[in-house]
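Scroll down for the structure; my scribbles are underneath it.
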Amino acid sequence: SLDAQSMWRDEIDTLCFSSDFWEVLRQAMGRGEESGSTLSAMSPTEGQAGPERAPTSSSAERLHCQPTPGMSRVDPELGFWPVLRTLLTLPGWNGPLYTVSMRPWISLAGESAFAIRYSSLIFGVLAVPLTYVLGRRLLGTTAGLIGALLVVLSPHLIWYSQEAKMYSAILALGLLAIYALRRALDQPFEISGNRSAWRHGLLWWGVMVGATTLAVYTHILTALLIPLEAALALIWWPRTRRHWRGALVAMAFLTLPYLPILAWQARDWLLPAGQATLFTLRRLDTILSSTFNGWGGNYVGGPWATLILAGLALLALFGMARAVLTNEQIEGRDGEKTNSAPNWRDRLALLVWMLLPPLGIWLLSVRQPIFTNRYLIWSAPAFYLLAATGFVALTRIGRSGTLVAVGLLLMVLVGDVRALTHQANQPIKPDFQAAAVYLAERDQSGDLVVFH
């Protein structure tokens, strides 16, 4: 059902912004087209005239875009670097890396909804094995499998794996960054006697820094991944203590690439309230409610959404309670020679991963609302893995516990299938494609079309 839903405004922005970016950059490099292919957005007067403009690429006969916000202030005559810096900080982009990379993808795959969204599908699929290997390392093989199963059938994650936006990309990158952090901390600390271990540790620190940096430039609010990684390093202190030098160096390398984005964020955040965004949610309870409802039933609504969320929440709560009450140990989590650690630290790490990003966005939203639940998609695996720990913990208390665990899991999975069926068959996004077909079949010369 990759193209079951119509493409909505934000997805069209991806298509148009990426086209505009490369066109203006070519002009700044002195390789722009003749005046007939200049973007209308380059001129304020043309930008005010409305959506019609001259072609910007070979696909212009099929693609007509509104001028990209802020593009009128970009002057190709200023040269490559000033134009590049301005383009990467235009309002509404949220994260330039995804927008910039989509034009080459579109050139390769095509402009159909299926082709454009397929890039998001790739990242969504990658999130499944990443969830498994992280869950296996932290919680054991069974919990890793259950967590991956919940990711496989999550209506929320599938929805954004079927949308031409960056959300499934930050999901996969966030998972990779946290997995790499744990792998780096799990490496034996024998620099002098084991060069292979030292090289592997360096490799995983590099993967963490690289994945985090890519995530931040893919969506600017994923910068909350940086304080999260610092918090996780503290929670895993017995491991971090052996690698504190590597952790400090990695955090320094994380901070430096983020500084240009920080300057951009600070500029928008300091604008008078209500001018920088169109969001309205400020209260922590509504932010948490929206987030967990998304991670549960997403758009299905009704009793199914309640059942999915209730099942996941009960499993997660039992998993946390079991860790606190028993302080149980997990042995042989990854088949490697790693020390067994108190399970409560790993479950606390998942709890912090689940709650710290919503708290961070809430603190930022006190002055300037910036919240929508898709921004927190990269925290969803923590919720599913906590639910997986509850499933495993319930199965360890006897037959009755196993029956309860299986019943709750089946309730969640059946609800997920119901939600996925709903998403694949019911128009949820505005159906502009059908509207365009309707107009194309009936439009006559001289007709007035009013779009609200």
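Results, tabulated for the structure shown:
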read-out: Calculated SAXS-style log₁₀ I(q)/I(0) at q = 0.11, 0.21, 0.23 Å⁻¹ - segment 72-153, Debye, Cα scatterers; value: -0.53, -0.94, -1.00
read-out: Estimated FRET transfer efficiency when R0 is 41 angstrom, pair Ala436-Ile122 (beta carbons, to 0.05); value: 0.90
read-out: For segment 105-178, the fraction of alpha-carbon pairs in successive 5 Å shells from zero, as %; value: 3, 19, 24, 21, 15, 9, 5, 3, 1
read-out: Inter-part distance where segment 127-158 and segment 414-448 are each reduced to a Cα centre, Å; value: 33
read-out: Student exercise, segment 336-452 dipole from Lys, Arg, Asp, Glu Cβ charges, in Debye to nearest 20; value: 740
read-out: Dipole magnitude of segment 394-449 about its Cα centre (Cβ charges: Lys, Arg +1; Asp, Glu -1), debye to nearest 20; value: 660
read-out: Potential extension, Asp447-Ser101 segment - 0.36 nm per residue separation minus Cα distance; value: 120.7 nm
read-out: For peptides 369-382, 309-322, 389-402, sequence by mean Cβ density within 10 Å, most packed first; value: 369-382, 309-322, 389-402
read-out: Rounded to whole Hz, the Karplus (6.51, -1.76, 1.60) HN-Hα couplings of segment 300-315, x for glycine and proline; value: 6, x, x, x, 5, 4, 5, 5, 4, 5, 5, x, 4, 5, 5, 5
read-out: Label-point separation, Val414 to Arg241 (7 Å along Cα→Cβ), nm; value: 4.9
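None of the figures in this text is laboratory data; all of them are computed from the coordinates on show. Since we're looking at a predicted model, the values are computed, not measured. For neighbour counting, all protein chains shown are included, and Cβ atoms are generated from backbone atoms with ideal geometry for every residue, glycine included.
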